[in-house]
Amino acid sequence: MQELIVIQNQKMTSAGQQVDKDYRSNRLVTVLLTLLSIALGSLIGMFIVRSITRPLVQAVEFAEAIAEGDLTGSITVTHKDETGELLQALMSMKVRLQEIVHQVQQGSETISSAAAQIVAGNQDLAARTEEQASSVEETAASMEQITSTVKNTFDHTNEATKLSSEAATVVKNNGR
């Protein structure tokens, strides 16, 4: 029995040493796996942060360029997530703003052309009005001349009538 106890003690000591050895080995593996997990998690985290911040920085720069009036920029959308949707919305906004600016330019050109036509029409009207005023002055002068001529004719006719009347009276008186 004593031998059995000694054998049991040896087995227990050997098993304890094996457990201690396994514990140290497992602890080292656990620490190494933990450090590896932290490093891998950090790399993945940096990748995720960059995949989010790069498109956002691109969107901010694009929006600032548009705010400064630069509608020539372009964004290539490669993401299908929310940041990709944001970039696509910014591109759509830029395209629409370009269309609006083009329409405003066309409207301005139309207004400028119409204004030039109005100016030309006003100049033509002024020239014709001046011409009409000159014609009216000539007509007024002619009317004055006609009035003077009619008055002279009237005066001469009255004079002739008076002289005729006097001559008729003289003829009548001489014939008696």
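The values are calculated or read from the model by the stated rules, or taken from the named source; none is laboratory data. Because the structure is predicted, anything quoted here is derived from the model rather than measured. Note that each Cβ is placed from the backbone with ideal geometry, even for glycine, and that neighbours are counted across all protein chains shown.
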Query raised in the report: Would you call GLU64 within 30 Å of ARG96 (Cβ to Cβ), out of contact with any Phe, Trp or Tyr (no Cβ under 8 Å at 6 or more places or on another chain) and not assigned by TED's automatic domain parsing to the domain that holds LEU90?
Result: yes
Query raised in the report: Filtering segment 67-88 down to residues that are surrounded by 11 or more Cβ atoms within 10 Å (Cβ to Cβ) and among the β-branched types (Val, Ile, Thr), which residue is farthest from ILE100 (Cα to Cα)?
Result: THR83
Query raised in the report: All but one of (1) more than 30 Å from HIS102 (Cβ to Cβ); (2) part of a loop (DSSP other than H, G, I, E, B) hold for ASP20; which doesn't?
Result: (2)
Report task. Sort through ILE52, ILE38 and tell me the only one that's farther than 16 Å from LEU90 by Cα, modelled with pLDDT under 90 and assigned to a helix (DSSP H, G or I). Result -> ILE52
**Report entry** Answer from SER148, SER164, SER112 - the residue that is of a type in the set (Ser, Thr, Tyr) and either at pLDDT below 90 or in a loop (DSSP other than H, G, I, E, B) (or both)
**Finding:** SER164
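For every residue, the table says whether it meets (1) more than 18 Å from ILE66 (Cα to Cα); (2) modelled with pLDDT under 95.
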residue: LEU86; (1), (2): no, yes
residue: LEU90; (1), (2): no, yes
residue: VAL95; (1), (2): no, yes
residue: GLN103; (1), (2): no, no
residue: ALA120; (1), (2): yes, yes
residue: ASP124; (1), (2): yes, yes
residue: ARG128; (1), (2): yes, yes
Report task. Check GLU99, GLU68, GLU61 and return the single one that is touching a Gly at 6+ places or on another chain (Cβ under 9 Å) and modelled with pLDDT of 90 or more. Result -> GLU61
